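Have a look at the structure below before the remarks.
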């Protein structure tokens with residue numbers, strides 16, 4: 001199995017999940033180690049004989065073709081994924097999310113791959129009003145940011161390779177994830193670590209933007225079900241059945257860390273901020289028997305406790321020290 005972007009938040013959790021559940025699987029992790037890729041995320045498996053790390057870009061044709069020759073399954077997590085960064089500079093999002101995905105699909109087509117699974121987002125569907133029904137697999141695409149537009153383009157390419165070349169593809173469009181190893185620029189990681197440092201937490205606008213939240217380990221299990229039992233050519237929406245506003249998440253974190261609401265700092269909302277996402281995951285539940293296992297309260301407690309117990313991990317990230325280490329260790333190889 002080739003896992004692209006396996007040093008990132010969801011990818012690293014997935015690599016660990018697969019190595020634990022399938023001890024006979026051989027996993028290659030291809031990651032460029034950009035700012036959000038961190039091999040400390042996989043420190044506990046780096047000596048596993050069935051695990052190998054390769055530093056590289058999914059848009060590198062020669063490298064990808066060489067790796068895919070002996071691969072049965074590709075699971076593509078590799079993506080630029082932070083909306084704020086896509087607003088400031090969208091070029092990297094087109095390079096990785098569109099050109100990189102196309103390159104992987106070409107390599108898969110040319111090497112007789114058994115399964116190509118593409119990990120996508122619910123943001124390709126746009127946003128919802130307060131009374132709109134949740135997104136499902138038939139919801140029309142309506143991306144509203146450079147990030148979601150690049151992911152939508154990648155989804156269309158994956159479907160095109162199934163229809164045109166009969167490549168055995170599947171796609172999962174997932175709601176917002178949270179949990180251990182999440183880069184501390186996203187809501188949970190940023191707010192928890194800010195509070196642990198005695199800093200305030202920046203809430204966009206009125207904080208009433210609603211997301212459907214899914215604990216990352218539940219997402220890993222969903223992908224496992226799809227790549228082993230899902231029907232090729234199909235898309236599966238994966239959700240947490242957990243719609244919460246940003247201010248609800250903020251207040252839950254404050255409660256778990258025993259902080260008061262004076263630690264909230266309301267800041268100017270970002271451009272084009274989608275108001276609500278929600279996922280109808282009835283298809284994957286009906287066809288593959290998957291549903292989220294982790295309740296909101298349990299997942300939030302696990303997440304806060306993980307950041308409290310792994311202070312060195314997030315302090316190195318927030319200081320930038322981890323980047324200096326990886327430049328020294330891997331850039332010259």
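Laboratory data are not the source of any read-out in this text; all were calculated from the coordinates shown. Small disclaimer: the values here were computed from a predicted structure and weren't measured. All Cβ positions, glycine included, derive from the backbone under ideal geometry; neighbour counts span all protein chains shown.
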Please compute the Cα-Cα pair-distance distribution of the range 239-300 with 5 Å bins starting at 0, giving whole percents from short to long.
4, 13, 18, 17, 18, 15, 9, 5, 2, 0
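Treat the range 82-159 as a sphere of radius equal to its Kirkwood radius over Cα pairs and apply Stokes-Einstein at 10 °C in a medium of 1.306 mPa s; give the translational diffusion coefficient in µm²/s, rounded to a whole number.
Working: Rh = 13.6 Å.
D, rounded to a whole number, is 117 µm²/s.
Mind checking the full-extension length gain between residue 228 and residue 138? Use 0.36 nm per residue of separation minus the Cα-Cα distance, one decimal, nm.
Values: separation 90, 0.36 × 90 = 32.40 nm, distance 2.27 nm.
Result for the pair: 30.1 nm of gain on full extension.
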Taking the beta-carbon count within 10 Å as an exposure proxy, list 16, 275, 293 from fewest neighbours to most.
293, 275, 16
Calculated log₁₀ intensity ratio I(q)/I(0) where the Debye formula runs over C-alpha points of the range 43-175, q = 0.18 Å⁻¹:
-1.03
Taking every pair of distinct Cα atoms and averaging 1/r, then inverting, what Kirkwood hydrodynamic radius in Å comes out for the range 148-194?
13.1 Å
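Could you work out the mean projected area of the convex hull around the alpha carbons of the range 194-275, in square nanometres to one decimal? Before the final figure, lay out each step's value.
Details: hull surface 29.6 nm².
Computed as one quarter of the Cα hull surface, the answer is 7.4 nm².
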What number do you get for the range 152-242 when its Cα radius of gyration is normalised by 2.2 N^0.38 Å, N = residues?
1.41
For the chain, set up a Gaussian network in which alpha carbons nearer than 10 Å are linked by springs, and say which option among 23, 146, 184 fluctuates the most.
23
Radius ratio Rg over Rh of the range 178-333, counting only Cα atoms, Kirkwood formula for Rh
1.02
Let's test this: bin the Cα-Cα distances of the chain at 10 Å from zero up to the farthest pair and state each bin's percent.
6, 26, 37, 24, 7, 0
Against the empirical 2.2 N^0.38 Å scaling, what ratio does the C-alpha Rg of the range 1-119 come to?
1.02
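So what is the relative contact order for the chain, in percent, with contacts set as C-alpha pairs under 8 Å and at least six apart? Can you show the working numbers first?
Details: 614 pairs, mean separation 57.7, N = 333.
Relative contact order comes out at 17 percent.
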